[in-house]
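**Q** Handing you a structure now.
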Amino acid sequence: MRTDHCSGALPAREHLPAAWAGTPVLDVVVPVYNEEKDLRPCVRRLHEHLTRTFPYAFRITIADNASTDGTPLIAADLARRIEEVRSVRLERKGRGRALRTVWSASDAPVLAYMDVDLSTDLNALLPLVAPLISGHSDVAMGSRLSRSARVVRGAKREFISRGYNLILRGSLQARFSDAQCGFKAIRRDVAQVLLPLVEDSGWFFDTELLVLAERAGLRIHEVPVDWVDDPDSTVHIVRTATEDLKGVWRVGRALATGALPLDRLTRPFGDDPRDRTLADVPRGLARQLVGFCAVGALSTVFYLLLYSAFRSVTGSQLANGLALLVSAVANTAANRRLTFRVRGRGGMVRHQAQGLVVLAIGLALTSGSLAALGTASSDPAHSTELAVLVAANLAATVLRFLLFRAWVFPDRTQARAAGDTVAGQTGGTPARAATGHGAMAHVSGSAAPGPSGGSSAPRTATWHGAASGAPASPSGQAAREAASAPRAPRTFQPDPPVTPPLAPACPPLPSRPAPQADRDPRTTR
């Protein structure tokens, strides 16, 4: 998988205009499988609630996961009778597959989904999508585990839900509270970039989406919900838990090896003064110091163990050199990944070579200390040797951090920011202004591509109801741009002689290969 760097892949978040014409702002997906009993009352209740409370145009999409009962006929009938409802028929099961298909083809700027049983109180729907409409957040999720949430369910499901979220926190360092609540929303521009990275097509789909969004630094908004358990749920708990644990292992391994290009999902900074680059202020210094100290402490223990093992079979100088060599390779790799957050294999050999140069400096300090100790005492005790080596390593550690930060792993973003500042002072156009188009420019394009970058809907999907064409430009856009005259319009093109040539755009993200067979034994609920 590609791991090349290309910051600014996502546009800056902007508030959607109050007068949005031609395209629904919200597309709510209801994935179903054999739900002929609950589908009609669910859709009518949801439609009535949105008509009464939602201030924007909306759409309800029924995603049928290869149902074998009367669900497809009911979905098609609802699409004919209600203008804002459409139905999609998929020939393969999987909640994640249904969401991926509909979200990839939707032209609405905000995408959401909820379970057909409507266990979540619909009053939380507007608070769920409001931060996405305003441009404040990238992803939103309902939480049954928040302090202010009100939940009615049995002890068994409560234990399973809390245990699952504890596993996510312990293994994937997830900070969100409730991954399994079937009540989530996402901005379409974010979904276009994240969906090709999500591999699961079943119940782990939205958990994987949340983990990747959080690891990429995107903003996740949590909404406390009122939730009542459905006693007729047919979800197979053991199989679901097994598949989820497999997904946790797969995602954790991909994150640990740097196989996911999450650095390409960086958003440009907004208008908040706290987001602006400040001159002469090193970024991430405190975090890097903490990470370097933690790695250094573990490396020192590892080095001392190696030295003691080598010292039992060889002299002190050779034991010191071998221990330093092995521990330095491990130290450079750990600092590269954990302290300075360099992902992928690009530049790994160069970083290790530079780390060996830093090792030579540490070797000179420690070897010189051992030589001085040998001059002072002809037969020093082993504990004395260790104490001298610890002191020498502490002195070398300070120099090692400075060399790592300034030479081996320099902060490239500061150099780019300085180049942007110079370009702005000389009349050029900063790179951020060139790549940080507003969310409106992204939303008003054509329909979203599918996970593979091709057509928006797979061949196995059948669409009923209102057609989803490309959204029209908002009617109030000209007035809004005129009101913000001090800011350059997004379509402004400076004179060619003044503007330096822009860097080529990043190629589209690679798609994960689709599973060869659908082995999801679970029903969707």
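**Q** Could you run through the range 23-62 and say how many residues are more than 33 Å from the chain's Cα centre (by Cα), acidic (Asp, Glu) and assigned to a loop (DSSP other than H, G, I, E, B)?
**A** Number satisfying all stated conditions: 2.
**Q** Which numbered condition trips up residue 373, out of (1) at negative phi; (2) surrounded by 13 or more Cβ atoms within 10 Å (Cβ to Cβ); (3) without any contact (Cβ under 8 Å) to a residue 24 or more places away in the chain; (4) out of contact with any Asp or Glu (no Cβ under 8 Å at 6 or more places or on another chain)?
**A** That leaves (4) as the condition not met.
**Q** Test each condition in (1) modelled with pLDDT under 85; (2) closer than 21 Å to residue 42 by Cβ; (3) not β-branched (Val, Ile, Thr) for residue 111 and report the one that comes out false.
**A** Evaluating residue 111 over (1) modelled with pLDDT under 85; (2) closer than 21 Å to residue 42 by Cβ; (3) not β-branched (Val, Ile, Thr) leaves (1) as the failure.
**Q** Could you check, for the range 339-352, whether at least one of its residues is farther than 30 Å from residue 377 by Cα, of a type in the set (A, V, I, L, M) and assigned to a helix (DSSP H, G or I)?
**A** Yes - at least one qualifying residue is present in the range 339-352.
**Q** Would it be correct to say that residue 265 is modelled with pLDDT under 70, farther than 30 Å from residue 380 by Cα and within 23 Å of the chain's Cα centre (by Cα)?
**A** Taking the combined requirement at face value, the residue satisfies it.
**Q** Checking residue 386 against (1) part of a helix (DSSP H, G or I); (2) farther than 18 Å from residue 311 by Cα, only one condition comes out false. Which one?
**A** The single condition residue 386 does not satisfy is (2).
**Q** Has the range 140-155 got at least one residue that is at pLDDT 85 or above, within 25 Å of residue 216 (Cα to Cα) and within 16 Å of the chain's Cα centre (by Cα)?
**A** The answer is yes, given that some residue of the range 140-155 is at pLDDT 85 or above, within 25 Å of residue 216 (Cα to Cα) and within 16 Å of the chain's Cα centre (by Cα).
**Q** Test residue 127 against the criterion of being open to solvent by 30 Å² or more (accessible area, probe 1.4 Å), touching a residue at least 60 places away in the same chain (Cβ under 8 Å) and either at positive phi or not charged (D, E, K, R) (or both), and give yes or no.
**A** So residue 127 passes the test.
**Q** Is it fair to say residue 363 is open to solvent by 40 Å² or more (accessible area, probe 1.4 Å), modelled with pLDDT under 80, in a helix (DSSP H, G or I) and closer than 30 Å to residue 315 by Cβ?
**A** yes
**Q** Can you name every residue in the range 225-249 that is modelled with pLDDT of 75 or more, within 27 Å of residue 33 (Cα to Cα) and open to solvent by 20 Å² or more (accessible area, probe 1.4 Å)?
**A** Residues satisfying the conditions are 226, 227, 228, 229, 242, 243, 245, 246.
**Q** Taking the condition modelled with pLDDT of 85 or more and within 27 Å of residue 304 (Cα to Cα), does residue 356 pass?
**A** When the stated conditions are applied, residue 356 passes them.
**Q** Restricting to the range 55-84, count the residues that are among the charged types (D, E, K, R) and open to solvent by less than 30 Å² (accessible area, probe 1.4 Å).
**A** Residues in the range 55-84 being among the charged types (D, E, K, R) and open to solvent by less than 30 Å² (accessible area, probe 1.4 Å): 3 in total.
**Q** Let me ask another. For the range 341-353, indicate whether the set of residues that are open to solvent by less than 60 Å² (accessible area, probe 1.4 Å) and more than 18 Å from residue 410 (Cβ to Cβ) is non-empty.
**A** No, the range 341-353 has no match at all.
**Q** Residue by residue through the range 63-82, note down the ones that are touching a strand residue (DSSP E or B) at 6+ places or on another chain (Cβ under 9 Å), in a helix (DSSP H, G or I) and not charged (D, E, K, R).
**A** 71, 72, 74, 75, 76, 78, 79
**Q** Would you say residue 177 is hydroxyl-bearing (Ser, Thr, Tyr), in contact with a Lys or Arg (Cβ under 9 Å, 6 or more places away or on another chain) and either in contact (Cβ under 8 Å) with a residue 60 or more places away in the chain or open to solvent by less than 10 Å² (accessible area, probe 1.4 Å) (or both)?
**A** The answer is no for residue 177.
**Q** Inside the range 309-329, can you point out the residues that are open to solvent by 50 Å² or more (accessible area, probe 1.4 Å) and at pLDDT 85 or above?
**A** Correct list: 309, 310, 311, 312, 313, 318, 322, 325, 326, 329.
**Q** On the given criteria, is residue 140 in contact with a strand residue (DSSP E or B) (Cβ under 6 Å, 6 or more places away or on another chain), small (Gly, Ala, Ser) and open to solvent by less than 10 Å² (accessible area, probe 1.4 Å)?
**A** For residue 140, the condition - in contact with a strand residue (DSSP E or B) (Cβ under 6 Å, 6 or more places away or on another chain), small (Gly, Ala, Ser) and open to solvent by less than 10 Å² (accessible area, probe 1.4 Å) - is met.
**Q** Something else about it: Mind listing whichever residues of the range 156-183 are over 18 Å from residue 222 (Cα atoms) and of a type in the set (Gly, Ala, Ser)?
**A** Hits for the range 156-183 are 163, 170, 171.
The values are calculated or read from the model by the stated rules, or taken from the named source; none is laboratory data. Worth saying up front: this structure is predicted, and the values here are computed from it rather than measured. All Cβ positions, even for glycine, are placed from backbone atoms using ideal geometry, and neighbour counts span all protein chains on display. Just the protein is used for accessible areas: all its heavy atoms, side chains included, with ligands, DNA and RNA removed. Shrake-Rupley method; radii C 1.70, N 1.55, O 1.52, S 1.80 Å.
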